[in-house]
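Participant: The structure follows.
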Amino acid sequence: MARLNIPYQLKAFSLIESVITLVLILVVFFITMQFFVSLNASGFSLQKQKAGNVLDDYLQASLTHRDFNTQKTMVDGWPVTRETTPYRNIDGISQVVFTIFKRDSANTPLITRLLLINTQTFRDSLTDAQP
C-alpha cells in the first residue's frame, strides 16, 4: 500500500468538546426560537387589541345612533357583524351580538361582545315623537 504524504494534520475534537459545542448550539437555537415565539404572541395580542378597539368604537356608535339592525359591514378594514334577536322571549328586551372577525379569515370570529337593550322604551319614544 502506498502511503499518502499529507503536509498538515487535522486534530480531532475530543468527545467532551463535541458535546459542549452541541449544547451551545442547542442553547442558542432554543433562545432564538423563544424570541420568535414571543414576537408572534405579542403581534397576535396587538392585533386582538386593535380589533377590540375597533369593535368598541362600533358598539359605541351603535348606542349613540340607537341603530341595532342586523348587518354585516367593514370597519377600518375589519369585518364586523351586528345581530339582533329577542332575549329569552322577554318582551321589550333584545340581545345584540357584536362580532369582529379576523382580517385574513372572514369566517373566524376574533372577539364577540353581547349587549342587552330595552327596546320597549325605544319604541315608545318613537311613537311619542311629533314632527
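Participant: Only residues that are of a type in the set (Asp, Glu) and modelled with pLDDT of 90 or more: list them for the range 77-96, please.
Facilitator: The one that is of a type in the set (Asp, Glu) and modelled with pLDDT of 90 or more: 83.
Participant: Inside the range 51-69, can you point out the residues that are of a type outside the set (Gly, Ala, Ser), within 15 Å of residue 113 (Cβ to Cβ) and assigned to a helix (DSSP H, G or I)?
Facilitator: Of the residues in the range 51-69, the ones of a type outside the set (Gly, Ala, Ser) are 53-60, 63-69.
With within 15 Å of residue 113 (Cβ to Cβ) added as a condition, the list becomes 53-60, 63, 68.
Within the range 51-69, 53, 54, 55, 56, 57, 58, 59, 60, 63 qualify.
Participant: Moving to a separate point now. So is residue 37 under 17 Å from the mean Cα position of the chain (by Cα) and either within 30 Å of residue 111 (Cα to Cα) or surrounded by 10 or more Cβ atoms within 10 Å (Cβ to Cβ) (or both) or not?
Facilitator: Working: under 17 Å from the mean Cα position of the chain (by Cα): yes; either within 30 Å of residue 111 (Cα to Cα) or surrounded by 10 or more Cβ atoms within 10 Å (Cβ to Cβ) (or both): yes.
When the stated conditions are applied, residue 37 passes them.
Participant: Keeping to the range 43-86, report how many residues are surrounded by 14 or more Cβ atoms within 10 Å (Cβ to Cβ) and over 22 Å from the mean Cα position of the chain (by Cα).
Facilitator: Summing the residues that are surrounded by 14 or more Cβ atoms within 10 Å (Cβ to Cβ) and over 22 Å from the mean Cα position of the chain (by Cα) in the range 43-86 gives 3.
Participant: Moving on to the next point. Consider only pairs whose beta carbons are under 7 Å apart and that are at least six residues apart or on different chains; among these, list those whose first residue lies in the range 56-73 and is of a type in the set (A, V, I, L, M) and whose second residue is surrounded by 11 or more Cβ atoms within 10 Å (Cβ to Cβ).
Facilitator: Going by the 7 Å Cβ cut-off, the qualifying pairs are 59/98; 59/113; 59/115.
Participant: Only one of 127, 119, 99 is surrounded by 14 or more Cβ atoms within 10 Å (Cβ to Cβ), modelled with pLDDT under 90 and among the polar types (S, T, N, Q). Can you tell me which?
Facilitator: Result: 119 is the single residue among 127, 119, 99 that is surrounded by 14 or more Cβ atoms within 10 Å (Cβ to Cβ), modelled with pLDDT under 90 and among the polar types (S, T, N, Q).
The values are calculated or read from the model by the stated rules, or taken from the named source; none is laboratory data. Note that this is a predicted model, so its numbers are computed, not measured. In this analysis, Cβ positions are derived from the backbone assuming ideal geometry, glycine residues included, and neighbour counts consider all displayed protein chains.
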